[in-house]
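Just so you know, all these numbers are worked out from the coordinates, no wet-lab data involved. Computed from a prediction, not measured in an experiment: that's the story for all the values here. So basically every Cβ, Gly included, is an ideal-geometry build from the backbone, and we count neighbours across all protein chains shown.
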Amino acid sequence: MAIKITDECINCGACEPECPNNAIYEGGVEWAMADGTSLTGSFTLLDGTVVEAKQRFAPISVDTYYITPNKCTECQGFHEEPQCAAVCPVDCCVPDELYEETVEALLAKKASLHI
């Protein structure tokens, strides 16, 4: 399951540098699969859409930091727990029930992001 940032976010930014996949963005900032990863060429998103790694996408949130589930691996293969949740002072980094993934799927996503 990917992690999401709830509306309780105070925009402190503590989570962003902790993400090993660069899946966390400041509100209003566009994102791309290639940001902070070794991806090149095409990539299949969670919804099955095939995109170019450098293709820019609209922000998921404009008011608070957000996590793109397409890059979130819950820190599997890096840390024992999601680092965003570990450092969040208001506990607004929580599991995203819309994106349930097995540990195996999260590790496969990690491997694809960091070739």
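Number of residues in segment 34-71 that are under 27 Å from residue 91 (Cα atoms) and in contact (Cβ under 8 Å) with a residue 60 or more places away in the chain: the value is 5.
Looking at (1) in contact with a helix residue (DSSP H, G or I) (Cβ under 7 Å, 6 or more places away or on another chain); (2) of a type in the set (A, V, I, L, M, F, W, C); (3) closer than 14 Å to residue 115 by Cβ, which is the one condition that is false for residue 33? Against the list (1) in contact with a helix residue (DSSP H, G or I) (Cβ under 7 Å, 6 or more places away or on another chain); (2) of a type in the set (A, V, I, L, M, F, W, C); (3) closer than 14 Å to residue 115 by Cβ, residue 33 comes up short only on (1).
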